[in-house]
């Protein structure tokens, strides 16, 4: 990593992915909480927490998607779409989107033109992947924190990381320890 400021994006750490009774349960979700807490502490105010939410009225291919997942057609303030307790009160910006990818104009403004973004969250094989590829296409250097992400399965998590590694040097797959070490050496996220 270089010494330029980085922005942490925590993708979709929501109840709908954390709770075993959910159709979108991500089995290793709980294993990402500790690493993400360490990252959010290190990044301080330079954090955006994203949330996936359902649209009021699905359009286009999203109609078929929600036919498969009717339980998810709930309002943005529904319990399933809340951040889990570990992050509900954490400092940082909040961003909700009805798309898998969270690379929105708002997130782009947070990161800044030609900025650097560190990404953690769920699921590696869907919303993380979609967010990272769009940010990289926009010219952002993206670091995907492998042990702070989880996929729907171990295999799909690994496959998504392998695919993202192919986007190098725009995208690099790193660990929490590497990010924290580099932040410390650079004097913190705001340096």
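The values are calculated or read from the model by the stated rules, or taken from the named source; none is laboratory data. What you see is a predicted model, and the numbers here were worked out from it, not measured in a lab. Neighbour counts run over all protein chains shown; Cβ positions are idealised from the backbone, glycine included.
Restricting to region 136-160, name every residue that is surrounded by 19 or more Cβ atoms within 10 Å (Cβ to Cβ), touching a residue at least 60 places away in the same chain (Cβ under 8 Å) and not in a strand (DSSP E or B). Selection gives 151, 152, 157.
Only one of the numbered conditions (1) more than 15 Å from the chain's Cα centre (by Cα); (2) surrounded by 15 or more Cβ atoms within 10 Å (Cβ to Cβ); (3) free of Cβ contacts under 8 Å to residues at least 24 places away in the same chain is not met by residue 104, and that is (1). Which ones in region 42-69 are under 19 Å from residue 90 (Cβ atoms) and surrounded by 12 or more Cβ atoms within 10 Å (Cβ to Cβ)? Listed by number, the residues that qualify are 42, 43, 44, 46, 47, 48, 49, 50, 51, 52, 53.
Quick one: would you say residue 72 is free of Cβ contacts under 8 Å to residues at least 60 places away in the same chain and surrounded by 14 or more Cβ atoms within 10 Å (Cβ to Cβ)? Yes. Look at (1) under 30 Å from residue 169 (Cβ atoms); (2) touching a residue at least 60 places away in the same chain (Cβ under 8 Å) and you find that residue 86 fails only one, number (1). Residues considered: 122, 128, 179, 174. Of these, the only one that is at pLDDT 95 or above, under 24 Å from residue 42 (Cα atoms) and touching a helix residue (DSSP H, G or I) at 6+ places or on another chain (Cβ under 6 Å) is 122.
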